[in-house]
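Step one of this worksheet: look at the structure below.
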Amino acid sequence: MVKIVLGALLASVLLLLSGCGKSERAGALAGEASATTLKSNEQFAQELKLDDLQDFEDAKRGFIARPTGQILAADGSIQIDFDAFKFLNGKAPSTVNPSLWRHAMLNAQIGLFKVSDGIYQLRGFDIANMTLIEGKTGWIVVDTLTSRETAVAALAFARKHLGDKPVSAVVFTHSHLDHFGGALGVVSAQEVKERKIAVVASEGFIEEATSENVMAGPAMFRRAFYQFGKDLEQSPKGMVDTGLGKAVAAGSVGILQPTQIVNQPSQEISLDGLRFIFHNVPGAEAPAELTFTIPEKKAYGGAENLAQTMHNLLPVRGAKARDALRWANYMQQALDQLGDTEVYFGQHNWPVWGNARIKEFITKHRDVYKYTHDQTVRLMNAGFTPREIADQVKLPKSLASYFGSRGYYGDLRHNVKAVYQLYLGAYDGNPANLDPLPPQESAKRYLELIGGADKAVAAAQLAFDKGDYRWAAELLNHTVFGATDHKGAKELLARTYEQMAYMAEAATWRNSYLMAASELRKGPPTKTLDRAGVIDMLAQTPIERFLEAMAAGLDGPAAEGKDIKVNLVLSDTKESFVLWIENAVLHFRKAVPAADANATLTLTKGLFIKMMAGTAGIKDTLLSDDLKVDGSKIDLVRFFTLIDKAPGNFAIVTK
C-alpha cells in the first residue's frame with residue numbers, strides 16, 4: 001500500500017490537479033478550523049454554561065501533590081507524560097469543541113487527592129483512577145490501572161506523601177484491562193498467597209477479563225488505537241483527552257486470581273477491618289462488574305457504571321453491545337443503596353460530594369440511559385432504521401444541559417445504534433442490505449456511475465466548501481476505496497475528517513477522525529501487534545481460551561479437505577487436549593491423548609502461551625527442553641501453518 005505524506009502546499013497542488021478546486025472558501029488550510037467549524041463551536045459555547053465552576057472546584061478538591069516527568073517502560077518508551085497536557089488552559093482554541101476542551105481541562109487536574117477521611121485517589125497516572133482506602137494495617141487498593149509501570153509509579157507516589165504502608169487488599173471493580181492490568185505492580189501473586197491478601201472481584205471476572213483480549217484482541221486493539229488517539233500528537237490540533245481520562249498506558253500487563261468472589265446482588269465483606277457492602281452489577285458497562293458502599297465512611301464507589309460522561313453502549317473500539325435498560329435499572333438500585341452517603345467516587349474522572357448532588361448525578365445518568373433506550377425502541381417499532389433514529393433522538397434539555405452526563409466518551413448517536421443492535425442486530429430490515437457488495441466493489445461502481453474519481457472529488461470539494469462534511473466524507477470514502485491511488489481524494493478526506501474532529505464533543509470521535517486523517521496521509525501502522533507486554537496476563541488465561549482463538553484463526557479455505565488430528569499435552573499443568581480438523585473447522589476437547597493422532601506436541605503452558613503470542617523464538621521452541629514432538633513433525637507443521645496470526649495493523653480507512 002502506498003504511503004503518502006503531504007505538506008499543506010503539496011496537498012493544495014494535488015487537489016487542484018485532481019479537479020478538487022479551491023480549499024474551503026472561508027480560507028481554511030489543512031490543519032486549521034474552517035468557517036463552518038468556527039460557527040459550530042461558537043454555537044456550542046453559547047448553548048452551554050461553560051463558565052460553571054462547580055466541576056473545577058470538585059476536580060481540584062482535596063489536592064495533595066502533582067507528579068512531574070514521565071513514566072517509562074523498560075525499553076525507555078514513554079508510558080505517561082505528566083506534562084503533555086499543559087497546553088490545556090484558557091479559552092478553547094478554534095480546533096477543539098469548547099465543551100470537550102472544558103472536559104479535557106477537568107481531566108487534566110492530575111495527582112494525589114484526598115477524597116474524604118481515609119480515602120485517596122491517584123488521577124492521571126493512567127486513563128483510570130487508582131483508589132486507596134485506609135484499612136487497619138495498610139492500603140486497600142481499588143483498581144490497579146492498565147500496566148505494571150503506571151501502577152508502580154502511582155503507588156510509590158502515594159507512599160511518598162501518605163506513608164509507606166503495605167497493600168492489605170485489592171479490589172477489581174470490573175473486567176476491563178485499564179482496571180486490573182497493573183495488578184502485579186501493586187502486589188505479587190506470591191505475596192497474595194503468603195500474606196493472605198484478599199483479592200475481591202465479581203463472579204465471572206477472570207473469564208471475562210481474559211476472553212475478550214484473546215478472542216477479539218487484534219481487531220479490538222487496532223480499533224482502540226483510533227478511539228484513544230494512540231499515535232496522535234497531544235496538542236490543540238491532536239489528542240486532547242479520551243473522555244474518561246488523559247491517556248492510556250501500554251506497558252506490561254498482568255492479573256491476579258481473586259480470592260473472594262462477589263456473586264450475590266449485595267454481599268458484605270470485611271477488608272482489613274473495614275466493612276464493605278459490594279453490589280454485583282454484571283452486564284451493563286462490563287460483563288463482570290461490582291460497585292460498593294462503605295457505610296462507616298458514608299462513601300459510595302461507583303466503579304465505571306458512573307463517570308463524569310455519558311458512557312458507551314457500544315465502544316468505538318468494539319465490544320459486546322451493552323444493555324441500556326439494565327444499566328438504567330442499576331442506577332435506580334444505586335439510588336436505593338445510597339442512604340446517607342456523602343461522597344461518590346468512581347474509577348474515572350473526579351468525585352461528587354453531598355447527598356443531594358450525588359442523587360442528582362445518579363438520576364441524570366439513569367435517565368440518559370433510559371431515555372436512550374425507550375426512544376430508540378419507540379422509533380424502532382415505528383419502522384425507523386438505526387441511522388434514521390440516530391438523527392432523530394435528542395436528549396431533553398434537563399439531561400442535555402447536565403455536564404456530568406454529556407457525550408465526552410459515549411455518544412448519543414452511536415448509543416442508539418447499540419440499542420437497536422441489542423434487539424434487532426446490525427441488519428436494518430431492508431433487503432438491499434442483506435447481501436450488499438463489498439465496499440471496494442461498490443465504490444468502483446459508484447465512481448463509474450458518477451463519471452470517475454475526479455468528478456467525485458470535485459463534488460466532494462463543493463460539499464466541503466459548504467461545510468457539508470458528512471456528505472463530503474461519504475463521497476470521498478467511496479473515492480478512496482474505489483480509486484486507491486487518488487492522492488487528492490485522500491488529502492481532501494483527511495481535511496474533512498479534521499473538521500469533523502474539531503467539531504466533535506466526544507473525545508472518542510475526535511480521536512477516531514484524526515487517526516483516520518493520519519492513516520490517509522501516512523498509511524496504516526507498520527508495526528504489528530506486540531503481545532509481549534501481556535504475557536503475565538495470558539499466563540492466567542485458561543488454555544481453552546487460546547484454543548477457541550486458534551479455531552477462529554483457522555484458514556477455512558486452506559483447511560478444506562484436510563484431516564489432521566493433534567494431541568496437545570501440557571507437561572507442567574498435567575492437562576491434555578485433542579485438536580482435530582473436520583469439515584474445515586478446528587475442534588478441540590479436553591481428553592487423554594488420542595492414539596490415532598498425527599502428532600503429539602508436549603510442552604509447558606508457558607511455552608505454549610509464548611507460541612500463541614508470537615513471542616517464542618527458535619531457541620524457545622526447536623531447541624527447548626520444554627518441548628517434545630512425537631509422531632509426524634510434517635503433519636504438525638501443516639496443522640500450525642493453517643492457523644492465521646492476525647498482525648493487528650490492518651488498514652481501516654484505506655484499502
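The values are calculated or read from the model by the stated rules, or taken from the named source; none is laboratory data. Given the structure is predicted, the values throughout are model-derived calculations rather than measurements. Here the Cβ is made from the backbone with ideal geometry for all residues, glycine too, and neighbour counts use every protein chain on show.
Remarks
- Restricting attention to the range 481-491, the residues that are buried (at least 24 other Cβ atoms within 10 Å of the Cβ) and under 28 Å from the mean Cα position of the chain (by Cα) add up to 2.
- Test result for Glu474, farther than 26 Å from Val96 by Cβ, part of a helix (DSSP H, G or I) and either charged (D, E, K, R) or under 27 Å from the mean Cα position of the chain (by Cα) (or both): no
- Of the residues making up the range 274-284, just one is of a type in the set (A, V, I, L, M), at pLDDT 95 or above and buried (at least 21 other Cβ atoms within 10 Å of the Cβ), namely Val281.
- Search result, residues across the range 461-471 that are over 32 Å from the mean Cα position of the chain (by Cα) and either part of a helix (DSSP H, G or I) or more than 18 Å from Lys39 (Cα to Cα) (or both): Gln461, Leu462, Ala463, Asp465
- In the set (1) free of Cβ contacts under 8 Å to residues at least 12 places away in the same chain; (2) part of a strand (DSSP E or B), Phe278 fails one condition alone, (1).
- The set of residues in the range 56-112 being of a type in the set (Lys, Arg) and in contact with a Gly (Cβ under 7 Å, 6 or more places away or on another chain) consists of Arg66 alone.
- Residue selected from the range 408-435 under the condition within 21 Å of Trp509 (Cα to Cα) and of a type in the set (Phe, Trp, Tyr), by the criterion surrounded by the most Cβ atoms within 10 Å (Cβ to Cβ): Tyr408
- Scope the range 574-593; condition of a type in the set (D, E, K, R) and either closer than 12 Å to Phe639 by Cα or in a strand (DSSP E or B) (or both); matching residues: Glu575, Glu582, Arg589, Lys590
- Out of Gln308, Gln264, Gln257, sole residue that is farther than 18 Å from Thr131 by Cβ, in contact (Cβ under 8 Å) with a residue 60 or more places away in the chain and outside any strand (DSSP E or B): Gln257
- Test: residue in the range 175-192 that is among the charged types (D, E, K, R), touching a Phe, Trp or Tyr at 6+ places or on another chain (Cβ under 9 Å) and more than 20 Å from Asp81 (Cα to Cα): no
- Any hit, the range 436-451, residues being on the phi > 0 side of the Ramachandran plot and either without any contact (Cβ under 8 Å) to a residue 60 or more places away in the chain or surrounded by 13 or more Cβ atoms within 10 Å (Cβ to Cβ) (or both): yes
- Residue in the range 192-203 that is among the acidic types (Asp, Glu), surrounded by 16 or more Cβ atoms within 10 Å (Cβ to Cβ), on the phi < 0 side of the Ramachandran plot and not in a strand (DSSP E or B) present: yes
- Scope the range 594-640; condition crowded, with 18+ Cβ neighbours inside 10 Å, at pLDDT 95 or above and in a loop (DSSP other than H, G, I, E, B); matching residues: Ala597, Asn598
- Of the residues making up the range 75-98, at least one is buried (at least 21 other Cβ atoms within 10 Å of the Cβ), in contact with a strand residue (DSSP E or B) (Cβ under 8 Å, 6 or more places away or on another chain) and on the phi < 0 side of the Ramachandran plot.
- Once the range 230-273 is narrowed to residues that are of a type in the set (Ser, Thr, Tyr) and at pLDDT 95 or above, the residue that is nearest to Asn312 (Cα to Cα) is Thr242.
- The set of residues in the range 565-577 that are surrounded by 13 or more Cβ atoms within 10 Å (Cβ to Cβ) and under 13 Å from Glu544 (Cβ atoms) comprises Leu568, Leu570, Glu575, Ser576, Phe577.
- Counting only strands (runs of 3 or more DSSP E) that sit wholly inside the range 39-128, those with at least 1 residues that are among the charged types (D, E, K, R) are 78-81, 111-116, 119-123.
- Pair list, Cβ under 7 Å, 6 or more apart: the range 46-65 residue under 17 Å from Ser99 (Cα atoms) and touching a residue at least 60 places away in the same chain (Cβ under 8 Å), other residue of a type outside the set (Lys, Arg) and in a helix (DSSP H, G or I): Leu48/Ser99; Asp55/Leu106; Asp55/Phe403; Ala59/Leu106
- One residue from Thr341, Thr372 being outside any helix (DSSP H, G or I) and either under 23 Å from the mean Cα position of the chain (by Cα) or buried (at least 19 other Cβ atoms within 10 Å of the Cβ) (or both): Thr341
- Matching residues in the range 181-191 - criterion: being under 29 Å from the mean Cα position of the chain (by Cα) and assigned to a helix (DSSP H, G or I): Ala183, Leu184, Gly185, Ala189
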